[in-house]
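Enquirer: Have a look at the structure that comes next, please.
The values are calculated or read from the model by the stated rules, or taken from the named source; none is laboratory data. Just so it is clear, the model here is predicted, and its values are computed rather than measured. Neighbour counts run over all protein chains shown; Cβ positions are idealised from the backbone, glycine included.
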Amino acid sequence: MSSPATPAPLLVACLCAAWCRVCEGYHEVFAQLREQHPDWRFLWVDIEDDAELVDDLEVETFPTLLVGRGAELLFLGPVTPELATVQRLLAALETAAAQTQASPAGRALLARLRQSCC
């Protein structure tokens, strides 16, 4: 458990599909991120294999990242599959405030992911 001065570790979920060739290549980037941040939780979520988990969230562009800290949804959206891009995004989100306009489906997915893994 983190102290009040230290933010909780991030949960980073990649929402992809097995048939997506961009996602296929993103596995290596995601593995590098996991190595760089061993205290964060990284999840690979196949939107078809894990359809019950994804529920009614519409994922239209791959890869899509969901980033949360505790119950706070910090980011939900597509990203380019380059390591430097995702590193910059995660560095900015590490101390960011929760999205005030976060989608209910995104917040619900974050809650389900937290229950299933953390």
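Enquirer: Here is a check on your reading of the model: is V59 among the aliphatic types (A, V, I, L, M), farther than 14 Å from A111 by Cα and in a helix (DSSP H, G or I)?
Expert: So V59 fails the test.
Enquirer: Kindly list, by first and then second residue, each pair from a residue in the range 35-51 that is over 13 Å from C23 (Cα atoms) to a residue that is basic (K, R) and modelled with pLDDT of 90 or more, limited to pairs with Cβ atoms under 7 Å and residues at least 6 apart or on different chains.
Expert: F42/R34
Per-residue answers, yes or no, for (1) under 25 Å from Q115 (Cβ atoms); (2) touching a His at 6+ places or on another chain (Cβ under 6 Å); (3) assigned to a strand (DSSP E or B):
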{"residue": "L11", "(1), (2), (3)": "yes, no, yes"}
{"residue": "A31", "(1), (2), (3)": "yes, no, no"}
{"residue": "P38", "(1), (2), (3)": "yes, no, no"}
{"residue": "E52", "(1), (2), (3)": "yes, no, no"}
{"residue": "L65", "(1), (2), (3)": "yes, no, yes"}
{"residue": "A91", "(1), (2), (3)": "no, no, no"}
